[in-house]
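Please read the structure below before turning to the comments.
The values are calculated or read from the model by the stated rules, or taken from the named source; none is laboratory data. All values derive from a computational prediction rather than experimental measurement. Note that each Cβ is placed from the backbone with ideal geometry, even for glycine, and that neighbours are counted across all protein chains shown.
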Amino acid sequence: MRVVIFCLVVAFTVFSCKKSGETENPNLLRLADCKNYVNNTETVSLCFDSLITDSRCPDKMICVWEGAAVAKFSFTKNNTTYPVKLSTYSFFPQFPTDTIIENYKIEFLNLYPYPGTHSLPVPFYKIKAEVKVTKL
């Protein structure tokens, strides 16, 4: 009985602790549509409008190149909206991985679900863009 109680205490301790340096990053957003980003002085909005293309290499496949996802976003500050197209991999100048708008750096990090991990076709409401927004 003591062994069972000891194992339960150890298990609860291990699973309830965070690893050192592990914190949630408030700058990372997973967008399926629009989200507000709030800093100390203002609120801005970032919307994932549409997926333009997704040529990423499917899971468990061997490809010549890793591919990229290109998406259209809208950034709004002070009732002014700025459309922007970003890619997960910078392969052409017109599709950068990041941009700076109104002193905010917006980085397109990833797109979920990854190709080959979900049955096709993936409904748009299940597609999420992972972006990082940083006030400069």
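Only residues that are more than 17 Å from the chain's Cα centre (by Cα) and free of Cβ contacts under 8 Å to residues at least 12 places away in the same chain: list them for the stretch 96-121, please. HIS118, SER119, LEU120, PRO121, listed by residue number. So, PRO115, is that one loosely packed, with under 15 Cβ neighbours inside 10 Å, part of a loop (DSSP other than H, G, I, E, B) and either at pLDDT 90 or above or not aromatic (Phe, Trp, Tyr) (or both) or not? No: the conditions fail for PRO115. Residues in the stretch 42-85 that are without any contact (Cβ under 8 Å) to a residue 24 or more places away in the chain and among the hydrophobic types (A, V, I, L, M, F, W, C): ILE62, CYS63, VAL64, TRP65, VAL84.
Taking the stated definitions as given, is CYS7 outside any strand (DSSP E or B) and modelled with pLDDT of 50 or more? For CYS7, the condition - outside any strand (DSSP E or B) and modelled with pLDDT of 50 or more - is not met.
Would a scan of the stretch 46-57 turn up a residue that is assigned to a strand (DSSP E or B) and of a type in the set (Asp, Glu)? Scanning the stretch 46-57, I find at least one residue that is assigned to a strand (DSSP E or B) and of a type in the set (Asp, Glu), so the answer is yes. Residues in the stretch 17-60 that are among the charged types (D, E, K, R) and modelled with pLDDT of 85 or more were compared, and the one that is surrounded by the most Cβ atoms within 10 Å (Cβ to Cβ) is ARG56. PRO93 passes every criterion in (1) part of a loop (DSSP other than H, G, I, E, B); (2) surrounded by 14 or more Cβ atoms within 10 Å (Cβ to Cβ) apart from (2). Of the residues making up the stretch 97-112, those that are surrounded by 16 or more Cβ atoms within 10 Å (Cβ to Cβ) and over 16 Å from GLY67 (Cβ atoms) number 6.
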